[in-house]
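Just below is one structure, and these are the notes that go with it.
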Amino acid sequence: MFSFLKSDPIKKLRKTYDQKLEQAMQAQRKGDIKTYSLLTAESENIWQQIEALEKSST
């Protein structure tokens, strides 16, 4: 009945994914390649979680 009030975990993960990619881009622009690679790896893990949730929901 109140399913519209529940937060969507995929939406939350996509927001986090976008933020990580933005942080990675900023680190790359500053020349901090180590931080860039760490943030990119974190964003890839988040993307895998998103894909797993999307597959399980369909």
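The values are calculated or read from the model by the stated rules, or taken from the named source; none is laboratory data. Everything quoted here is computed from the prediction, not taken from an experiment. Counting neighbours? That spans all protein chains shown, and the Cβs are built from the backbone with ideal geometry, glycine included. Note: accessible area is taken over every heavy atom of the protein model, side chains too, but ligands, DNA and RNA are not part of it. Shrake-Rupley method; radii C 1.70, N 1.55, O 1.52, S 1.80 Å.
For residue 30, list the aspartates and glutamates whose Cα falls under 13 Å from its own Cα; do not include residues on the same chain fewer than 8 positions away. Result set, ordered by chain and number: 22. When Rg/Rh (Cα atoms, Kirkwood Rh) is computed from the coordinates, the matching label among (i) 0.99; (ii) 1.15; (iii) 1.19 is (ii).
Of all lysines in the structure, those lying under 26 Å Cα to Cα from residue 6, and not within fewer than 8 positions of it along the same chain, are 15, 20, 55. For residue 34, the aspartates and glutamates whose Cα falls under 13 Å of its own Cα, not counting residues fewer than eight places away in the same chain, are 42.
With K and R counted +1 and D and E -1, the other residues having a Cβ less than 15 Å from that of residue 49 yield a net charge of 0. When only Cα pairs below 8 angstrom with a gap of at least 6 residues are kept, the chain shows a relative contact order of 38 percent. Put a plus charge on the Cβ of each Lys and Arg, a minus charge on the Cβ of each Asp and Glu, and nothing anywhere else: the dipole of the chain about its Cα centre is then about 160 debye. Heavy atoms of the protein chains alone define the surface here; on that basis the chain has 84 Å² accessible area per residue at 1.4 Å probe size.
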